[in-house]
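What follows is a single structure, written as C-alpha cells, with notes after it.
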Amino acid sequence: MTAERILLVTGASRGIGAAVARAAAPAGYDVAINYARDRAAAAEVAAEVVSAGRRALLVQADVAREDEVRRLYAEIDEKLGRLTHLVNNAGIVGRSSRLDAADAATIRSVIDLNVTGAILVAREAIKRMSTKNGGGGGAIVNLSSAAATIGSPGEFVWYAASKAAIDAFTLGLAREVATEGVRVNAVSPGLIETEIHASSGQPDRVARMGPLIPMRRAGTAEEVAEAILWLLSEKASYVTGANIRVAGGR
C-alpha cells in the first residue's frame, strides 16, 4: 500500500458517515466527504477533518448515478490524489410500511442507491486501488445492516433486501481482488442513533426499540465508526470478506 492514505466516505454529512470522517482524520487519513444535499452539514465535518491536521474535500454527488460517481472520483483524483480507502456508506430506507403499501418509486430509489450506487462506487475504487490497475492496494468497507438477516418485516423489507445484496457483493468482491492488494469487508449496524429513523417516518424508533435489544440500548454512530476504522487499518491486514455485526447482540 502507498504511504499516503486518501479516504472517500459516501454519505458523510451525517450519521455513521460523518462519524467515520471525524475519526479518520486523527488516524491519518485525508478525507473526501461526499454528500447529496446538505452542504452545510458536510462542511462542518470537513472543518473537523482540517482541524485535526488533514486535508478535506467536499464533493456533492448522487452516487446512485453513474455520471455523478465518475465526477466524484475525477474531483478526488485531481484534488487529493489516488484513492486508497473507501467507506461505502450512502444509503436510504424509504418510508416505512408493509410491502403491499410501498410504491415502486420508493423501492427503486432504495435499490438504486443502496445496491447499484454502492457497486458503482466500489468499481471506481478498484480501478484506483488494485495492483492489477497500477494502484498500491487499499481497503473498502461496505455498510450493510443487521436488517439483512432480520428482514425488517412491517417496516422496510426492500431495504433489508438491499443490504443482503451488499453482503453477497462484499464477499464476492473480496475474493475477486484478494490477490490485488485490496481488502473488502462489511459492517452491519443494528439499531443506531441516527437521523435515518426519522427519515423513514419513525422518529420514536430508537426509544421504542432500544429496550428490546439484548444490551438494552441503541448504539452510536461513533461505535460503528470504530469497527470501520479497524477494518480500514493495517491491524486488519488478514481480514477480507468479513462482516462485523455492530448490533448490541441483536
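What follows is calculated from the coordinates using simple rules that are stated; it is not laboratory data. Remember, it's a predicted structure, so these values are computed and weren't measured experimentally. Here the Cβ positions follow ideal geometry from the backbone for every residue, glycine too, while neighbour counts run over all protein chains shown.
Backbone geometry of region 92-99 corresponds, through the Karplus equation with coefficients 6.51, -1.76 and 1.60 at θ = phi - 60°, to 3J(HN,Hα) couplings of 9, 10, x, 5, 5, 5, 5, 4 Hz, x marking Gly and Pro. When only alpha carbons are used to place a centre, region 90-128 and region 1-34 end up 22 Å from one another. For Ala32, the residues 5 or more places off, or on other chains, whose built amide H falls under 5 Å of its own are Leu7, Leu8, Val9, Leu57. Across region 1-142, the volume of the C-alpha convex hull divided among the residues equals 103 Å³ per residue. Residues in region 85-129, backbone N under 14 Å from the label point at Glu180 (7 Å along the Cα-to-beta-carbon vector): list them, ranges by number please. Within reach of a label on Glu180, which here means backbone N under 14 Å from a point 7 Å along Cα→Cβ, region 85-129 contributes 120-129. In order along region 208-222, phi translates into HN-Hα couplings of 6, 9, x, x, 8, 6, x, 7, 6, 6, 7, x, 10, 4, 5 Hz, rounded to whole numbers, per the Karplus curve 6.51 cos²θ - 1.76 cosθ + 1.60 with θ = phi - 60° and x for Gly and Pro. For the chain, a simple Cβ point-charge model (Lys and Arg +1, Asp and Glu -1, everything else neutral) yields a dipole of about 320 debye relative to the Cα centre.
Taking other C-beta atoms within 10 angstrom as a stand-in for reagent exposure, Met129, Met215 fall in the order Met215, Met129, fewest first. Taking every DSSP beta bridge that has both residues in region 6-246, what percent is antiparallel when rounded to the nearest 5? Once the DSSP bridges in region 6-246 are tallied, antiparallel ones form about 0 percent. Database remark: amide H of Ile244 closer than 5 angstrom to the amide H of Ala186, Val187, Ser188 (H placed geometrically; neighbours at sequence offset of 5 or more, or on other chains; Pro and chain starts carry no H).
In this rough spin-label picture, where each label sits 7 Å from Cα along the Cβ direction, the Asp100-Met209 distance is 2.3 nm. Given their separation in residues at 0.36 nm each and the Cα-Cα distance between them, Arg70 and Ser109 gain 12.1 nm when the chain is fully extended.
Computed on the chain, with alpha-carbon pairs under 8 angstrom and 6+ residues apart, the relative contact order is 19 percent. Computed packing ranks the peptides 89-97, 153-161 as 89-97, 153-161, most packed first, by mean other Cβ atoms within 10 Å. Less than 5 angstrom separates the built amide H of Phe156 from those of Ser97, all sequence-distant by 5 or more or on a different chain. Using the Cα coordinates of the chain, the gyration tensor eigenvalues translate into equivalent-ellipsoid semi-axes of 28, 19, 18 Å, sorted from longest to shortest. With the helix formula -39500 (n - 2.57) applied to DSSP H stretches of n ≥ 4, the chain reaches a computed 222 nm mean residue ellipticity of -12000 deg cm²/dmol.
Modelled this way, with points 7 Å down the Cα-to-C-beta line, the labels at Ile119 and Glu226 are 3.5 nm from one another. Among 36-46, 219-229, 6-16, sorting by the average number of other beta carbon atoms lying within 10 angstrom of each residue, highest first, gives 6-16, 219-229, 36-46. Listed by chain and number, the lysines placed with their C-alpha closer than 25 angstrom to that of Lys79 are Lys127, Lys132; residues fewer than eight positions away on the same chain are left out.
Here the spin labels are modelled as points 7 Å beyond Cα on the Cα-Cβ line, and at Glu78 and Arg37 they lie 2.7 nm apart. The fewest-to-most ranking of Arg216, Arg54 by surrounding Cβ atoms within 10 Å reads Arg216, Arg54.
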